[in-house]
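For reference, the structure discussed in these notes is given below.
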């Protein structure tokens, strides 16, 4: 099982130096991917603009959007932007897409909230794939470029926690970019089985089965408080009393050894990749997680 790291883009008071430091440290290893997500009505960096910087700041690590929401963009321009990022990164881009969980993001860019569906997502993905394949979508004599590094475009992952959405994405996606709130591996494996079956029914190779969770390393009480602060900041569309009620059981908090044990449990159910989501921009959290992942890699190799 691979382990990737998410950029702390949803943390407050970020600047370019913090983001660059995280990116370069993730690139140095041992992480399998560098991930970041999208929101509009929030203080995070714009996702596609950040892609350009990440392509320049890193040399090795695969880049994964977890996720961008095509309905918030013109699909042709989004395809062009992502293909540009793919070119600048030397073909290291994987595109995770989803419908997004916040209607206010749609309203902020005057997007139609009625398209916040898997059908609306699939329609825009189809347009993006046409662009990446070099098909003409206008009467212009010139195709919309640049071409992605790999034929057909970047690998596509669907961001969802729902079996219905996962099944419907089997025709166009290469796998799953999920999230688990309570780290229930049995429930996660049920979703993975849906994916395995749907991809087999579609006559495709087995899907990439990734999931993610919020983490905080350290003393149990302090780490849990860190996650609670993060959730209050990030989940600002949910009444605070609901966030407070879910905070004790959402995400993961504990020591390095406990994180290694948790990752091992996900490996046992056939998880392809875990995307860790930080709840602080403190690089100490990044270093500690890197040590855990490096030790796991050494154990696997031996």
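Computed from the coordinates by the stated procedures, all read-outs in this text should not be read as laboratory data. In this text the structure is predicted, and so the values were computed from the model without any measurement. Positions of Cβ are generated from backbone atoms using ideal geometry, with glycine treated the same way; all protein chains shown enter the neighbour counts.
For this structure, a couple of remarks:
- Highest-fluctuation residue, 249, 17, 33 considered, GNM on the chain with Cα pairs under 10 Å: 17
- Helix axis angle, 185-201 relative to the chain longest principal axis, alpha carbon, degrees: 20
- Over region 24-154, relative contact order from alpha-carbon pairs under 8 Å, at least 6 apart, %: 25
- Annotation for residue 28 and residue 236: the two label points, set 7 Å from Cα along the Cα-Cβ direction, are 3.2 nm apart.
- For region 56-175, alpha-carbon Rg relative to the globular expectation (2.2 N^0.38 Å, N residues): 1.06
- Label separation (residue 136 vs residue 151): 2.2 nm, computed from points 7 Å beyond Cα along the C-beta direction.
- Rounded tilt (10° steps) of 220-234 against the dominant C-alpha axis of the chain: 30
- Euclidean distance between Cα centres, region 148-190 to region 214-260, Å: 24
- Förster radius 41 Å - calculated FRET efficiency between residue 53 and residue 256 (Cβ-Cβ, nearest 0.05): 0.85
- From helices alone, the chain scores -14000 deg cm²/dmol at 222 nm; the rule is -39500 (n - 2.57) for each run of n ≥ 4 DSSP H residues, then divide by the residue total.
- Note on the chain: Kirkwood hydrodynamic radius from all Cα pairs is 19.7 Å, rounded to one decimal.
- Size descriptor, Kirkwood hydrodynamic radius, that averages inverse alpha-carbon separations across region 109-255, Å: 18.1
- One chain, two ends: residue 74 and residue 291. Fully extended at 0.36 nm per residue, the span grows by 74.0 nm beyond their Cα-Cα distance.
- For region 60-74 and region 75-112, distance of Cα centres in Å: 5
- Degrees between helix 256-268 axis and first principal axis of the chain (Cα, 0 to 90, nearest 10): 50
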